[in-house]
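Below you'll find the structure, written out as structure tokens, and then a few comments.
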Amino acid sequence: EILKDEGFNASEVEQILDSLEKSSGKRFFSSRYQVVKDRKYLIVSPIETSQQEEKKIDKIEDLETLGFKVEKFPISVVPDFTLNSEILHVDVEKLVFPLVLRYWQEGDRFCPFGMRGSKKLSDFFIDQKVNLLEKKNVQVLCSADKIVWLVGLRADDRFKIDHQTENYYKIQYYGSI
């Protein structure tokens, strides 16, 4: 009865019920809504039409028009490295412009901060228990085709501040992109 109002018919509801004992990730669609079988829940959400195009960032200040706050500091101002996934501290010299802000894509890889080696984003999402709907909205900030930051989730280790850093950016994500 609940799903009837979202445009699902009896046959589709039966398929959804049959999926409850199976693995997560299965999706079902009506004309306006989707149901995603997550680990513990059924998630009902409107069907979104399309994701935005990638955005080219020619200079660091351009990020501020996209929901970010950017500050530049000399290394003499020690960053607060409190674990906060909505703040990125990145070595100025390691960024190559133009940067690109885009949605993640299947096959993307990065080097999660604090880890050695690379990891597929899809595997990272599984490890972090990011559900299908959240995963679809994850954006990445890229420099020279390398992921710098999974926005709001994790920085890439290759762009971290190190003993050679002279200046760094503190980039904070505030809004929806």
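The values are calculated or read from the model by the stated rules, or taken from the named source; none is laboratory data. Since the model is a prediction, treat every value here as computed from it, not as a measurement. Glycine also receives a Cβ, built like all others from the backbone with ideal geometry; neighbour counts cover every protein chain displayed. What goes into the accessible areas is simple: the full protein's heavy atoms, side chains included, and nothing from ligands, DNA or RNA. Shrake-Rupley method; radii C 1.70, N 1.55, O 1.52, S 1.80 Å.
Taking Pro98, is it modelled with pLDDT under 90 and touching a strand residue (DSSP E or B) at 6+ places or on another chain (Cβ under 8 Å)?
no
Considering only residues that are more than 28 Å from the chain's Cα centre (by Cα) and open to solvent by 70 Å² or more (accessible area, probe 1.4 Å), look in segment 12-32 and name the one that is farthest from Val138 (Cα to Cα). Steps first, answer last, please.
Step one: list which residues in segment 12-32 are more than 28 Å from the chain's Cα centre (by Cα), which gives 12-15, 17-18, 21.
When the remaining residues are screened for being open to solvent by 70 Å² or more (accessible area, probe 1.4 Å), the result is 14-15, 17-18, 21.
Values: Glu14: 31, Gln15: 29, Leu17: 29, Asp18: 30, Glu21: 28 Å.
Step by step, filter segment 12-32, then rank; the result is Glu14.
Pairs only if they're at least six apart or on different chains, beta carbon under 6 angstrom, first in segment 145-174 and within 15 Å of Phe68 (Cβ to Cβ), second open to solvent by 60 Å² or more (accessible area, probe 1.4 Å) and aromatic (Phe, Trp, Tyr); list them, first residue then second.
These pairs meet every condition: Ala155/Phe113.
Counting only residues that are touching a Ser or Thr at 6+ places or on another chain (Cβ under 7 Å) and over 17 Å from Tyr173 (Cβ atoms), which one in segment 104-128 is most open to solvent (accessible area, probe 1.4 Å)? Quick ask: steps written out before the conclusion?
First, the residues of segment 104-128 that are touching a Ser or Thr at 6+ places or on another chain (Cβ under 7 Å): 106, 109-111.
Filter once more, so that each one left must be over 17 Å from Tyr173 (Cβ atoms): 106, 109, 111.
Working: Glu106: 145, Arg109: 113, Cys111: 21 Å².
Looking at residues that are touching a Ser or Thr at 6+ places or on another chain (Cβ under 7 Å) and over 17 Å from Tyr173 (Cβ atoms), I get Glu106.
Does Glu86 satisfy the condition of being surrounded by fewer than 15 Cβ atoms within 10 Å (Cβ to Cβ) and in contact (Cβ under 8 Å) with a residue 60 or more places away in the chain? Walk me through how you get there before you give the answer.
Working: surrounded by fewer than 15 Cβ atoms within 10 Å (Cβ to Cβ): yes; in contact (Cβ under 8 Å) with a residue 60 or more places away in the chain: yes.
When the stated conditions are applied, Glu86 passes them.
Can you find, within segment 33-51, the residue that is modelled with the highest pLDDT among those that are more than 26 Å from Asp123 (Cβ to Cβ) and surrounded by 10 or more Cβ atoms within 10 Å (Cβ to Cβ)?
Filtering first and then ranking leaves Val44.
Just one of (1) closer than 15 Å to Ala155 by Cβ; (2) in contact (Cβ under 8 Å) with a residue 12 or more places away in the chain trips up Lys55, so point out which.
Here Lys55 meets the rest and fails (1).
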